[in-house]
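The values are calculated or read from the model by the stated rules, or taken from the named source; none is laboratory data. Please read all numbers here as calculations on a predicted model, not as lab measurements. Heads up, the Cβs are rebuilt from the backbone with ideal geometry, glycines too, and the neighbour counts pull from every protein chain shown.
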Amino acid sequence: MEIKTDHCLSPLRSVRCLSLLATSPIFSHPSSSSVVLVFSLFFSFFVFLNFLPAASADFNVTAISFNEGYTPLFGDDNVVPYNDGTGVRLVLNPYTGSGFISSTPYQHGFFSARIKLPSDYTAGIVVAFYTSNGDVFEKNHDELDIEFLGNIRGKKWRFQTNLYGNGSTKRGREERYTLWFDPTREYHRYSILWTDTNIIFYVDEVPIREVNKNVAMGADYPAKPMSLYATIWDGSDWATAGGRYKVDYKYSPFFAEFKDLVLEGCAIDALQQLPSNDCYYRNARFEGKDYLTTTPSRRAAMHRFRQRYMYYSYCYDTLRYPIPPPECVIVPSERERFKDTGRLKFGGSHKRPKRRRGRIQRQPVIIPRADQLDDM
């Protein structure tokens, strides 16, 4: 059986090659070239295993259609369901961005979607997947953010996570990351788990950040019912290199696609702010889910991710927080990497968008100043 060298040296094909080598004459009649091939293969395979944060089966979740759980937020003509409503495409063009919102708010839950981001030149573009109650509690809202930040051609998408409780927008808790894959080539699952004791952000099945509720946080821990939002919009004034690179609409329209949408948890009556009739049943299902548990293997995957792909954490920004906020768990290897200070400092706030039919076209709150972003 012929084994092509380039086939074996590809990390993604190494597993197949291992099985071929096991029955190959290479092992029965070794030569210098075959030995080099074998060592190259095993080195490639070792690097491959250590490069990926984790490899595991998908969460046991039930997807719903767009019409079952969501409604357009703004830019209605740019909110385009597809595949019989199992997915939805958000469009940004020279006239408007777009967004959708869950039909009801939730008191804790798991919010998830498979997302594919725009490709090519995407500087200035922000794609956000987040929970908030800012339309109800404008002065003391809660929020959990995943924000994807576009880039110039040839540069990677970056993303950040953040959280606020009770309007604590001046105490930002940002972390920033890159990804180990190209988020424009295929769909990947991004998720927010919010319970009364902890918050976990996931990429696929890898937990990338966990915040445990701490008594010292007080009202900074999100506690009021929140809705799920997804938006695409023009963040030219800050999103890429501090506003140096703007959205270039000659590349428009820009598409962000969402499918396999998941809303699990306790739905709240939007008018009375009380649990819905099926909340007990929903909570019973929610409490048995595997995404609630951070197993040792998942915790190891989170550690690998944060070592390789996190490039800013507020917990290590001693210029901003000489004493780390109470929820921070200081990891010595992370502290060493950041040299006791973050590379970025954030501040400012969004201009409040105009209302539309009694609903705010709300975006996540924090905008860095122009001198506060790197060129990644």
Being among the β-branched types (Val, Ile, Thr) and part of a loop (DSSP other than H, G, I, E, B): is that true of Thr184 here?
yes
Sole miss for Lys139 among (1) over 26 Å from Val247 (Cβ atoms); (2) at pLDDT 95 or above is condition (2)
Within the group Leu90, Leu73, which residue is within 19 Å of the chain's Cα centre (by Cα) and either among the basic types (Lys, Arg) or at pLDDT 95 or above (or both)?
Leu90
Of everything in region 161-177 that's hydroxyl-bearing (Ser, Thr, Tyr) and assigned to a loop (DSSP other than H, G, I, E, B), which residue is nearest to Tyr221 (Cα to Cα)?
Ser168
Any idea which of Tyr221, Tyr164, Tyr202, Tyr190 is at pLDDT below 95 and surrounded by 21 or more Cβ atoms within 10 Å (Cβ to Cβ)?
Tyr164
Quick check: anything in region 148-161 modelled with pLDDT of 95 or more, surrounded by fewer than 22 Cβ atoms within 10 Å (Cβ to Cβ), touching a Pro at 6+ places or on another chain (Cβ under 7 Å) and at negative phi?
yes
